[in-house]
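Report on one structure; see the data block that follows.
Bear in mind these aren't lab numbers, they're just calculated from the coordinates by the rules spelled out. Predicted model only: the values in this text are computed from it and were never measured. Note: ideal-geometry Cβ built from the backbone for every residue, glycine included; neighbour counts use all protein chains shown.
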Amino acid sequence: EQTKKQNQPSFEGKLDFYIGNDDLITASASIGAKGVISVLSNISPRFTVQMIKAALSGNFEESSMMQKKSIPLIKALFSDVNPIAVKEAMTYLGMCESTMRLPLCGMMEALKEKLIKTIEENKSILY
């Protein structure tokens, strides 16, 4: 345990950092991240908050299980250029309209179908 702590970088009191990768929430919190700038939280805010709170309180087992559960949805949300996929997901869920400003455009139909399928398969972690 002591050796493990000595080998981990410590930013405590030196630098507050926030992770920008939804798929690395638990791992980043375990080395001192203070939070996340999240795409997933746009369609799954409660779940994302629970995951980061678990990690920040040291419950890495719970956070890790949640992290694994969210991976298919995270992959789907990054299946196109950000923020195109999350905007399509939010449109599908009735949270916004599907208008894009240039240079952004809508998703290709094949990707959109995969995104919708993934949303449907992961409804338990939405909202």
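Some points to look at:
- Taking each DSSP H run with n ≥ 4 as -39500 (n - 2.57) and averaging over every residue of the chain yields -15000 deg cm²/dmol at 222 nm.
- Along the axis of the charge dipole computed for the chain (Cβ charges of +1 for Lys and Arg, -1 for Asp and Glu, origin at the Cα centre), the listed residues I52, V81, C105 are led at the positive end by I52.
- Pairs from K87/K117; K34/K68; K53/K112; K34/K75; K68/K112 whose Cα-Cα separation, in the structure shown, is over 27 Å: K53/K112
- In a fully extended conformation the segment linking M100 and S30 would gain 21.5 nm over its present Cα-Cα distance, using 0.36 nm per residue.
- Rounded FRET efficiency, nearest 0.05, which uses the C-beta distance separating K68 from M90 and R0 of 25 Å: 0.60
- Rounded to the nearest 20 debye, dipole of region 14-127 from Cβ charges on Lys, Arg, Asp, Glu: 180 debye
- Net charge over other residues, Cβ less than 13 angstrom from the Cβ of G106 (K, R count +1; D, E count -1): -2
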